[in-house]
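Down below is the structure, laid out as structure tokens.
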Amino acid sequence: MPSITLYHYPTSAPSRASLLAARQLDLDVEIKILNLFQKEQLKPEFLKINPQHTVPTLVDGDFVIWDSHVIAPYLVTVYGKHMQSLYPSEPREKAIVDQRLYFDVGTLYARIRAIAFPVLFLGETTVSEDKKKSLEEALDWVDLFLKDGSWVAGSNLTIADTAFYASITGLVATGYDIKKHSPIVSWLERCKKEMKGVEENEEGAKLFGNAVSSKLKPGEL
């Protein structure tokens, strides 16, 4: 097997999602931490690898790819023949997983990021009601995804779950109250029992949560 390297920053939900996908496959992955706050992603040696200077970035031998919602499907397709349920090949099942992945990047994580980015990088200390309502709408949709199955894309754990888990655990770590979203609460407990790498993810989620909550006025989330 070629050497696999993941350029990673633990506070980043997409980065943690890629690592969770690798952990489900029991892949031997070399982790290289890039501290985004210290702008290590802008070093010339990393820009040669990924000119877009983002994490996660996966290097698999002479192949380089970035974006967690591409990395996870790639890993299962190439290295997960024994665990195809993580990213099924049956067209309709695969389409549901893809839809959930696109929902994460375009809606769920995007709405969490819309709150967190201005706090972490632009000095904001409050969160608008519009952003809170938008986030609640996304969480309501996740509840609906879980209505008819144990997992977000059906009856099996998939890479859609690893993506959602990374996003939502970061949100929970900020102190955001999700108790009214009982399907999500039950699903989180199921993930903790059945998903590999959750302890590692929790460490990064806590770093993210502490970074956000420490900059917000009390009670903002």
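Give me the dipole magnitude in Debye, nearest 20, for the chain about the Cα centre, with unit charges on the beta carbon: positive for Lys and Arg, negative for Asp and Glu. Mind dumping the intermediate values first?
Details: 25 positive and 29 negative charges, 65 e Å.
About 320 debye.
Filter the chymotrypsin sites (Phe, Trp or Tyr not before Pro) in segment 1-51 down to the DSSP loop ones having no more than 12 other Cβ atoms within 10 Å, then list what survives.
Those satisfying the criteria are Phe37.
Using Cα centres only, tell me the gap between segment 154-194 and segment 73-131 in whole Å.
Cα centres, segment 154-194 to segment 73-131: 12 Å.
Quick one: net charge of Leu6's neighbours, Cβ under 13 Å, K/R +1, D/E -1?
Once all neighbours under 13 Å are counted, the net charge is -2.
Ordered by residue, what ³J(HN,Hα) values in Hz, to whole numbers, does segment 195-202 give under the Karplus form 6.51 cos²θ - 1.76 cosθ + 1.60, where θ = phi - 60° and Gly and Pro are x?
So the J values, rounded to whole Hz, are 9, 7, x, 5, 5, 4, 5, 4.
What is the Rg over Rh value, at two decimals, for segment 85-213, using alpha-carbon atoms and the Kirkwood definition of Rh? Please report the intermediate quantities before stating the final value.
Working: Rg = 14.6 Å, Rh = 15.1 Å.
Checking Rg against Rh, the ratio lands at 0.97.
Sorted from fewest to most neighbouring beta carbons within 10 Å, what does the list Tyr176, Tyr109 look like?
The fewest-first ordering by Cβ neighbours comes to Tyr176, Tyr109.
Return the long-range amide H neighbours of Leu221 (sequence gap of 5 or more, or a different chain), with a cut-off of under 5 Å between placed amide H atoms.
none
Ordered by residue, what ³J(HN,Hα) values in Hz, to whole numbers, does segment 175-188 give under the Karplus form 6.51 cos²θ - 1.76 cosθ + 1.60, where θ = phi - 60° and Gly and Pro are x?
Using θ = phi - 60°, the values come out as x, 5, 8, 10, 4, 6, 8, 4, x, 5, 4, 5, 5, 4 Hz.
How high is the FRET efficiency between Tyr79 and Glu45 when r is their beta carbon distance and R₀ equals 30 Å, given to the nearest 0.05? Mind dumping the intermediate values first?
Working: r = 26 Å, r/R0 = 0.87.
Once rounded, the FRET efficiency stands at 0.70.
Taking θ as phi - 60°, what are the ³J(HN,Hα) couplings along segment 67-84 by the Karplus curve (6.51, -1.76, 1.60), each to the nearest whole Hz, with x for Gly and Pro?
Karplus-based 3J(HN,Hα) across segment 67-84 equals 5, 4, 7, 9, 4, 4, x, 4, 4, 5, 4, 8, 10, x, 4, 7, 9, 5 Hz.
Determine the alpha carbon to alpha carbon distance for each of Lys39/Lys192; Lys39/Lys193; Lys192/Lys215; Lys32/Lys196; Lys131/Lys206; Lys81/Lys192 and list only those over 30 Å.
Checking Cα-Cα distances, Lys39/Lys192; Lys39/Lys193 exceed 30 Å.
Taking amide H atoms as placed 1.01 Å from N in the peptide plane, list the residues 5 or more away in sequence, or in a different chain, whose amide H sits under 5 Å from that of Lys32.
Leu6, Tyr7, His8
Taken together, the values in this text are just the output of simple stated rules run on the coordinates, not laboratory data. The model shown is predicted, which means the values in this text are computed figures rather than measured ones. Note: ideal-geometry Cβ built from the backbone for every residue, glycine included; neighbour counts use all protein chains shown.
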